[in-house]
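Written out below as structure tokens is the structure these notes cover.
Every read-out reported here was derived from the displayed coordinates using simple, explicitly stated rules and does not represent laboratory data. Note that this is a predicted model, so its numbers are computed, not measured. As a convention, Cβ positions derive from the backbone with ideal geometry for all residues, glycine included, and neighbour counts pool all protein chains shown.
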Amino acid sequence: MRYVQSDGPAEGMTVITERLTSELAGGKRVLWLLCGGSNVIAEAAIMRHIPADLSENLTVTLTDERYGEVGHKDSNWQQLIEAGFDGKSAKALPVLNGKPLEQTVADYGASAKELLAKSDITIALFGIGADGHIAGILPESPAARETTALAAGYDSPPYTRLTLTFPALRQIDAAYAMAFGSGKQTALQRLQNEDLALTEQPSQILKQLPEATLFSDQIGGTS
């Protein structure tokens, strides 16, 4: 795993844009997993720089979502749209579908299974929480303990969370994370310097992936 010292998201955005563009230009079917939170503006900007004629082989969906009615104000997908995300000719697949929670989770898992299987490469962009969470997998949560299903849903006030699980995340080919601010320092230092159980610090999953890069202003160096 690489740890890159960076003052802000610009460097990471450039790297991710170039990677997506290169893979698409090579004719690959690319699955791009997007996160919510502080990275939605960066994701919208990255998409703006992907040539429209290459976007046909791109599929976009979320690493996690907040359950509720389609388009509700706390929805990660809705916030992405409000940030100006334009998928161009990409296949854009939101998670919320207006169905009950249990069916939404089942549909999310089924969609993830299909997308992961038919894509030539899966690229993900994550944030990392001050508590060390990644996607919608909070420490010691039911999602952190899921070992089989590709998606999980659970209550974690103020939200009911929907998330891809570790079995799904392990199928990612290239992961990028961007986490900035002093509030993230402790979590990021522990990620870099300690080997913790996934249930304690879910972001440790990045170390298990074939390729993972973290851009942050709090830690640096490469390992």
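Descriptive notes on the structure:
- Of 99/207; 118/207; 28/73, those spanning more than 26 Å from alpha-carbon to alpha-carbon: 99/207; 28/73
- A simple count of charges around residue 2, restricted to other residues whose Cβ falls under 14 Å of its Cβ and scoring Lys, Arg +1 and Asp, Glu -1, yields 0.
- Overall form of segment 6-47 per C-alpha gyration tensor (a/c, 1.5; a/b vs b/c): oblate
- Label-point separation, residue 18 to residue 91 (7 Å along Cα→Cβ), nm: 2.9 nm
- MRE, 222 nm, helices only [DSSP H, n ≥ 4, -39500 (n - 2.57), over the chain, to nearest 500]: -8500 deg cm²/dmol
- Dimensions in Å of segment 2-216 - Rg and Dmax from alpha carbons: 16.0, 43
- When the charge dipole of the chain is built from unit charges on Cβ atoms (+1 for Lys and Arg, -1 for Asp and Glu) and taken about the Cα centre, the candidate among 168, 182, 100 whose Cα reaches farthest toward its positive end is 168.
- Inter-label distance, nm, simple model (7 Å from Cα along the C-beta direction), residue 189/residue 99: 4.6 nm
- Loop sites here are GluC sites (Glu not before Pro) outside DSSP states H, G, I, E and B with no more than 14 other Cβ atoms within 10 Å. The longest part of the chain free of them is 70-139.
- Between residue 107 and residue 197, the simple label model (points 7 Å from Cα in the Cβ direction) yields a spacing of 3.5 nm.
- Dipole magnitude (debye, nearest 20) for the chain, charges at Cβ of Lys, Arg, Asp, Glu: 260 debye
- Vicinal HN-Hα couplings computed from phi for segment 92-98 (Karplus, 6.51 cos²θ - 1.76 cosθ + 1.60; Hz; Gly/Pro x): 9, 10, x, 8, 6, 9, x
- Shown here for segment 45-119: trypsin sites (Lys or Arg not before Pro) in loop regions (DSSP other than H, G, I, E, B) with at most 12 other Cβ atoms within 10 Å, namely 73.
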